[in-house]
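To start, the structure itself, in structure tokens.
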Amino acid sequence: YTADSGTVSAAITLATNPLDCLRVRWQVTQQADAGPGLWSYARRVIAQEGFLSGLYRPGLGANMASVFVCTGIRVGIYKSVCDALLFASGSSERDGGTMATAGLLSGALSFFVASPFFQAKTRLQAESGRIDPISGLLATGPRAGERPSYTGMPDFFRKLVANEGSIGLLRGADALVVRGSLLSMGHLLGYDGGKQWAKSRGLMQEGPLLHASASVFAAFFSTTLASPGDRVMTEYQTAPNRGVRYSSALDCARSIMRREGMPGFFRGWLPMFLRMGPTFAAFGTGYEALRLLAGYDYF
């Protein structure tokens with residue numbers, strides 16, 4: 001289960017990384033510099049830096065590594081966690097509470113393990129910009145006029161450990177675990193519960209249409225639950241690159257609340273959902289197909 005789900009998710013990231021990069025860059029860009037809206041900002045990035053350099057390549061390898069580890073673990077252990085909860089409660093049927101708890105627990109573990117890769121992905125994307133070929137300085141992006149901090153994921157890890165110690169690998173892990181456990185709960189409860197609900201009412205039977213429909217519902221649920229933690233995680237993990245200091249992820253959350261109010265925690269919701277919807281739909285149909293080919297029952 002783990003290898004199959006991780007491989008499918010990593011492959012999908014090849015197509016969805018631009019939306020993830022756009023979300024991160026949009027979240028860390030000051031509102032005064034962002035322009036009139038998300039799509040205007042995206043057009044400006046592409047015009048100044050090109051699609052490949054501005055949105056596609058930044059953090060791609062780290063993103064693929066993070067989703068391979070994270071999705072592989074959380075989907076791979078979900079059914080086992082469900083079974084353990086059912087055994088502990090003496091029940092025989094999965095209900096909403098069991099699915100939500102299993103999704104929360106599997107998500108917390110998987111995102112904690114994958115947090116170094118998520119941090120690498122986020123910080124590489126946040127400081128991306130066009131590099132001037134003569135001076136070697138960033139000509140665009142939030143750190144325009146400065147040298148890039150990292151040349152890629154290996155360089156990021158080397159400098160992070162040298163400057164912040166091994167504990168730096170877990171910077172923002174608390175916010176990521178909150179974000180990830182809620183995202184996982186929304187995904188697995190929305191998908192598993194959505195499938196059961198549709199089948200019990202005779203609306204759909206097992207097949208690609210059911211898998212895609214349940215996936216889109218799960219994406220909406222996941223994005224809404226995870227957005228506040230996602231904004232705090234991005235802001236907190238990228239703070240050192242932007243010269244901003246927070247004493248903790250909670251201090252970062254307070255700062256967002258003071259500056260932007262509650263809407264600030266949902267900054268980036270749209271690109272996150274536009275990425276999650278196709279990702280979950282492709283993952284759901286692809287993963288279910290792989291399970292059948294491997295001789296397993298539907299999820």
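If amide hydrogens are placed 1.01 Å from N in the peptide plane, which non-local residues have theirs closer than 5 Å to the one on I131?
When sequence neighbours closer than 5 places are left aside, the close amide H contacts are A139.
At q = 0.20, 0.22 Å⁻¹, what is the base-10 log of I(q)/I(0) for the stretch 170-244 according to the Debye formula with one equal point scatterer per Cα and no solvent? Please give it to two decimals.
Ignoring solvent entirely, the Cα scatterers give -0.78, -0.86.
Quick check on the chain: helices-only [θ] at 222 nm, where DSSP H runs of length 4 and up contribute -39,500 (n - 2.57) each and the sum goes over total residues. Nearest 500, please.
Estimated from H runs of four or more residues: -24500 deg cm²/dmol.
Which value in Å does the Kirkwood hydrodynamic radius of the chain take, with 1/r averaged over all unlike C-alpha pairs and then inverted?
Answer for the chain: a Kirkwood hydrodynamic radius of 19.8 Å.
Please list, in chain and number order, the residues 5+ apart from E146 or on another chain whose amide H is under 5 Å from its amide H, with Hs placed from the backbone.
Close amide H contacts, sequence-distant or interchain: L138.
Can you give the Kirkwood hydrodynamic radius for the stretch 149-194, in Å, rounded to one decimal and based on Cα pairs?
After inverting the mean inverse Cα-Cα distance, the result is 12.7 Å.
Counting Lys and Arg as +1 and Asp and Glu as -1, each charge on the Cβ, what is the dipole of the chain about the Cα centre in debye, to the nearest 20?
About 680 debye.
Send over a whole-number figure in Å² for the accessible area per residue of the chain, probe 1.4 Å.
Per-residue accessible area for the chain comes out at 44 Å².
If you wrap a convex hull around the Cα atoms of the stretch 202-299, how much volume per residue is inside, in Å³?
Residue-normalised Cα hull volume stands at 137 Å³.
On C-alpha positions alone, give me the angle between the axis of helix 173-200 and the longest principal axis of the chain, in degrees, nearest 10.
Taking the Cα atoms of the chain, the angle to 173-200 is about 30 degrees.
For the charge dipole of the stretch 244-299, defined by +1 on Lys and Arg C-beta atoms and -1 on Asp and Glu C-beta atoms about the Cα centroid, which residue among F265, A282, S247 has the Cα displaced farthest towards the positive pole?
Of the options given, the answer is S247.
At a 1.4 Å probe, what is the % contribution of carbon and sulfur to the accessible area of the stretch 72-220?
Heavy-atom surface of the stretch 72-220 belonging to carbon and sulfur, 1.4 Å probe: 65 percent.
Taking the convex hull of the alpha carbon atoms in the stretch 44-173, what volume per residue do you get, in Å³?
Spread over its residues, the Cα hull of the stretch 44-173 gives 132 Å³ apiece.
Over the stretch 104-256, consider all pairs of different Cα atoms and compute the Kirkwood hydrodynamic radius from their mean reciprocal separation; express it in Å, one decimal.
Taking the inverse mean of 1/r over all distinct Cα pairs, the stretch 104-256 comes out at 17.5 Å.
The values are calculated or read from the model by the stated rules, or taken from the named source; none is laboratory data. What you see is a predicted model; the values in this text were computed from it and never measured. Please note: Cβ atoms are built from the backbone with ideal geometry, for glycine as well, and neighbour counts cover all protein chains shown. In case anyone asks, the SASA skips ligands and DNA or RNA and just uses the protein heavy atoms, side chains included. Shrake-Rupley method; radii C 1.70, N 1.55, O 1.52, S 1.80 Å.
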